[in-house]
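Where a number appears in this text, it was derived from the coordinates with a stated rule and is not lab data. Just so we're clear, the structure is a prediction, and the values are computed from it rather than from any experiment. Every residue, glycine among them, receives a Cβ derived from its backbone with ideal geometry; neighbour counts consider all protein chains shown.
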Amino acid sequence: MTQAMHRILVIEDDPAIRGVVRVLLAAEQYRVIEAATSARALIEARSHRPDLLLVDLGLPDGDGIKVIQSVREWSLVPILVLSARAMEAQKVAALDAGADDYVTKPFSAPELLARVRAALRRNARTAEQTPVLQFGEIRVDLGRREAKSPGAEVHLTPLEYRVLESLARHAGMIVTAQQLIREVWGPDRADDTRNLRVCLKNLRQKLEPDPARPQHIVTETGLGYRLRVGEF
Amino acid sequence: MIETRPDPDQLLASLKAEEARARRGKLRIFFGASAGVGKTYSMLEAARGVRASGGDIAIGYIEPHGRVETERLLEGLEQLPTVAVHYRGTTRREFNLDAGLRRRPAILVVDELAHSNLIEGDPPPRHAKRWQDIEELLDQGVNVWTTVNVQHIESLNDLVAQITGVRQLETIPDRIFDEADEIELIDLPPEDLIARLKAGKVYVPEQAATAIERFFRKSNLIALRELALRRVADRVDAAARASALSDRTSRAWMARDRVLVAIGPDEQAEQVVRAGKRIADGFDALWTVIYVETPKLLSLSTAERNRRIDLLRLAESLGAETVTLDGPSAAQALLEYARTRKATRLVVGAPKRRGWRGWLCRSTTYELVGRARGFDVIAIGAPDEERTAEQTAEVSRPEVAVPVHWNRYAWALTTSAIATVIAFAMFPYFELANIVMAYVLASTIAAVRFGRGPAVVAAVMNVIAFDFCFVPPRFTFSVADAQYIVTFTVMLIVAVTIANLMASVRQQTRVAGARERRTASLYAMSRELAATRGVSSMARVAVRHVTEVFDCKAVVLLPDDKGRLHHPNEAPVTRSFTSADLSIAQWVMDHGKRAGLGSDTLPAAPALYVPLSNERQRLGVLAVLPENRRRILLPEQRHLLETFAGQLGLAMERAQLAEAAETSRVAAETESLRNTLLASISHDLRTPLAVIAGAGSTLAQRGRELDEASRNILARSIETKAQEMSDVVSNVLDLMRFESGQIVLRREWETLDDLVGAALARTEERMRRHAVDIGLPSDLPPLHVDATLIVQVLVNLLDNIAKYTPSQTRVYISAQLQGAFIRVTVEDDGPGLPPTERDRLFEKFQRGEDESAVVGAGLGLAICRTIVRAHGGEIVADDRPGGGARFQFTLPIEEPTS
């Protein structure tokens, strides 16, 4: 199993939660490194070179966001935020600081594990530059810029394609609305969410089997969107 | 009238006065009959005595008369800095009030109580008079020593002028003297004073050098000395009476006398006011100065009307209440007023008309004397012609410009002509006695319609025409029968009498109209204030009314938490007074007295500042900048303005009380909310906790003994109960955040499809056994909402369905455009809502069924309503046609602005 080699740094000050997470991850054959403070976390991150960081935002010696920012200065390692049910503003701040995804406490075991797997997979894919993405019955070839359903080719407008591409590059991860607008429309249209909403509505009409209940292009309310590939 | 028990109001007043006196500084006046008796000298000697015994005494100001003795006495005493005031190219040193207030010695010595500050000087003084400076010092608890001469006391002013022939321009209100804590009479026999004068020991102001010889005549000095001694004796007498008054239990109480002082626009009025003051003081009575506005007086010149304003102000400064009455006859109005106010004495000026005029036109005074019942009439004799000649010469009759309505005269003549035509028509058939009736009718019509002048002209014309045309011998002016003279006379008298009556009625109507307008304007404001919520809105309403009624600019300045006044933040209403002087306003706020134009303090300011206050607190300041200065100076206008201010003060107090009541109501509600919450939470949290703890401990202790299936059941129950608890806790937290106002809507443009999709995704697990139908039109406009919160509404509604409907229930989510709103409907075909308490579903902690095992703390729907309302929509619950429950909420559609 390739997973055996994955090292996960868990940065969390509550020993009970740390314990649960350790048991969970160890059961899935990950190697778990623990840190209770942000200072310790930065040392562990540099010395152990983990494949994934699980960061709690409320740390005794500083904000978890600071940890994310420091790590991001030298590493593209996937970072998952473990946050208590907080205001959207804090989550957005963490995502803006460079976190890839978040899991809300209280979380369920399957949810956490699925997120971890997705993050690690994205990392692997970035390394391999896999240009083809399959979700549901839709197959998107990023290299050839085409999307296909089993019946026929799905026609996407250039804007729709760029939104899909943006989501696919972070498949399984959350992409904030701001990030999408920045990447597709450009930085000067940052507050124009209306076009984005319309574009996503159209994308769903074309790609989702039941657009009213999207299975693949999922809204993370108040934060952004996630392209769900496979289990999550 | 004798009362046997203390008047509670009076008791209260004397208690309050005592209280105020305890905090107030003490005033000691060194009082003399004239300049040169050595007041300043005695005061400084006393000051040195205090200094020598280690007392904290400072010299605020001493007139630098350049006397060596005075200079010598000043040595070794602390002298406060004075202020240099520039005035018309010269510089004078003046008392520095602020220095005195900063230093706050135990005793502050300030010479010359009656001094007038240079109101037009630079820097301008705070008060017009030094006695006001001293009042402020006393108010601030500083004890003050000062000096004054008898001729400066307001009510004695004209008496002194009559004795000496020199009118003193600088006066102090009697109240200051009467309320002083200690009066030290500095007495010097006239011979000694004259000796001192001759020795050059008395300071003589240059401008008065000519008058001085007349002034310091021995006879004058004796009279002044007597006046001063008597004034001090009066004071001692009053003090004795006051102490008797405070001996409350043993004494039967005399009701206080009330002295009415009636004045007219004549020169004698000022003298009558001062005499009234002395009489009122003598009887220790309340006194009221009355000016009766009769129709005749309405046509007075501006100068005379201005004098009336000055007179009433003088009366107020002497401590009188002032009243302006309207009525056809002065005597009638006065008698009426005297009766209603239960006056004991009425002071009037002695009749002035002499000879046949006095005999023919009975003066008001005679009429009053004749009809007085239950009170005495005191007539004040006119001053000697010689003495007042100087004054009367100054009063030149201003030209009274009465507009002449020529067209009325033309109409009056026309009636005469018509009467003549009719008379000619009647002549062949009627006797002369009936023909004259045509003329009488014409005279009457002219009198009724065209006023006095035209009526007289018409009457004369009628007489002439009747005489010329009809009275034999006809077509001559000679009259054969002398009895026609009677006819002519009666015709004239009838015309003039009717015209006079009509003029009087018109004037009455005008006066009544003006009064009615005043009352109506006050009523209009009160009514609008009653319908207004919030202090700042009230201020705006008041400003609008005040600017309309008083033809002025106005603003209401409200204090912040620290009591500092500010201009209102909101956009000014029309005619807002935006440049009010905040420092004056602050003074008014701090002292609770009006200031500015026409008041005692800073009268040179362009605007008038009136405090808005009640007994307990000061609420703000009304600043008024009149377009027409004279108007605001009229006592009745000022009273009206103060009534407006009073009304506004009351309304503002009411608003503040309402706010306080609201705050305490909210507090009480929060308290009961907290209690309900505790009860509810303890139930909703303990139930799942019991399961978790039980299952957890079983697994920990007996885990090995249990089979795989049992362990699974326990673990699952822990998981589901933990999830339930999590829901309860997050609901409680959400609601708490809403209640505390922490939640700010983060609105963005969203599509309803997206929101519904997100809500369904979040409730997927719970709704597994329900079928959901979605019917959203594809052309719905985007919504400008906080997505997280609207999703929360949908999730809570769906949760509600999941909890309270059996499995396989169908759920329908739909939406439609409805005017400026989108209406979202979430309905099911389940058992429907419980019939009772449907409206209360959205209250906190309400559940359809009370003792249900379903966990939820009853907060879900309350949260829904809070969120929807925060977005400007509404949420309702009712029965779905065809069975089941239906929840509908609206969200306003906003036009995208980009």
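With both residues required to sit in chain A, DSSP beta bridges show an antiparallel share near 50%. Looking at segment B:24-246, how many pairs of lysines come closer than 21 Å at the Cα, when each pair is eight or more places apart or spans two chains? Count of close lysine pairs: 8. Legend: distances between Cα atoms for A:Lys66/A:Lys91; A:Lys91/B:Lys803; A:Lys105/B:Lys803; A:Lys91/A:Lys201; B:Lys277/B:Lys593; pairs beyond 19 Å are A:Lys91/B:Lys803; A:Lys105/B:Lys803; A:Lys91/A:Lys201; B:Lys277/B:Lys593.
Once the chain from B:Asn569 to B:Leu745 is taken as fully extended at 0.36 nm per residue, the excess over their C-alpha distance is 60.8 nm.
By the beta-carbon count within 10 Å of each Cβ, the least crowded to most crowded order of B:Trp411, A:Trp74, B:Trp131, fewest first, is A:Trp74, B:Trp411, B:Trp131. Segment B:577-601 and segment A:28-55 have their alpha-carbon centroids 70 Å apart. Residues B:Phe470, B:Phe821, arranged from fewest to most other Cβ atoms within 10 angstrom of their Cβ, appear as B:Phe821, B:Phe470. FRET efficiency for the pair B:Gln162 and B:Lys218, taken as 1/(1 + (r/R0)^6) with r the Cβ-Cβ distance and R0 = 22 Å, rounds to 0.80. By other beta-carbon atoms within 10 Å, ranking B:Val505, B:Val826 with the fewest at the front produces B:Val505, B:Val826. Among rounded, prolate and oblate, which fits segment A:2-127 when a ≥ b ≥ c are the square roots of the eigenvalues of its C-alpha gyration tensor, a/c under 1.5 means rounded, and a/b larger than b/c means prolate? Rounded.
Take every Cα pair under 8 Å whose residues are at least 6 apart in sequence, average their separation, divide by the length of segment A:130-227, and the relative contact order is 25 percent. For segment B:429-452, the residues whose amide N sits under 20 Å from a probe point set 7 Å from the Cα of B:Val490 along the beta carbon direction are B:430-448.
Taking each residue as 0.36 nm, the span from B:Thr476 to B:Asp122 lengthens on full extension beyond its C-alpha to C-alpha distance by 119.6 nm.
Taking label points 7 Å from Cα along the Cα-to-Cβ direction, B:Met426 and B:Val236 give a separation of 8.2 nm. Once the Cβ-Cβ distance of B:Ala417 and B:Glu516 is raised to the sixth power relative to R0 = 45 Å, the FRET efficiency obtained is 0.70. Between B:Asn628 and A:Ile43, the simple spin-label model (points 7 angstrom out along Cα→Cβ) gives 8.9 nm. For a modelled paramagnetic label at B:Arg175, 7 Å from Cα along Cα-to-Cβ, the residues of segment B:593-628 in reach, with backbone nitrogen under 18 Å, are B:593-603, B:609-615.
Of the GluC sites (Glu not before Pro) in segment B:597-660, the ones in a loop by DSSP (not H, G, I, E or B) with at most 12 other beta carbons within 10 Å are B:Glu615, B:Glu627.
Whole-Hz Karplus values for segment B:416-427 come out as 4, 4, 4, 4, 5, 4, 4, 4, 4, 5, 7, 3 Hz, taken residue by residue from phi with 6.51 cos²θ - 1.76 cosθ + 1.60 and θ = phi - 60°; glycine and proline positions read x. Modelled label positions at B:Thr91 and A:Gln215, each set 7 Å beyond Cα in the direction of Cβ, lie 9.7 nm from each other.
Taking the helices alone, chain A has a mean residue ellipticity at 222 nm of -13000 deg cm²/dmol, built from -39,500 (n - 2.57) per DSSP H run of at least 4 residues and averaged over all its residues.
A Förster radius of 45 Å combined with the Cβ-Cβ distance from B:Ala52 to B:Arg616 puts the calculated FRET efficiency at roughly 0.50.
Placing +1 on the Cβ of every Lys and Arg and -1 on the Cβ of every Asp and Glu, with no other charges, gives segment A:130-227 a dipole of roughly 40 debye about its Cα centre. Overall shape: prolate for segment B:588-737, with the ratio a/c of the largest to smallest alpha carbon gyration tensor axis at 1.5 or above and a/b above b/c.
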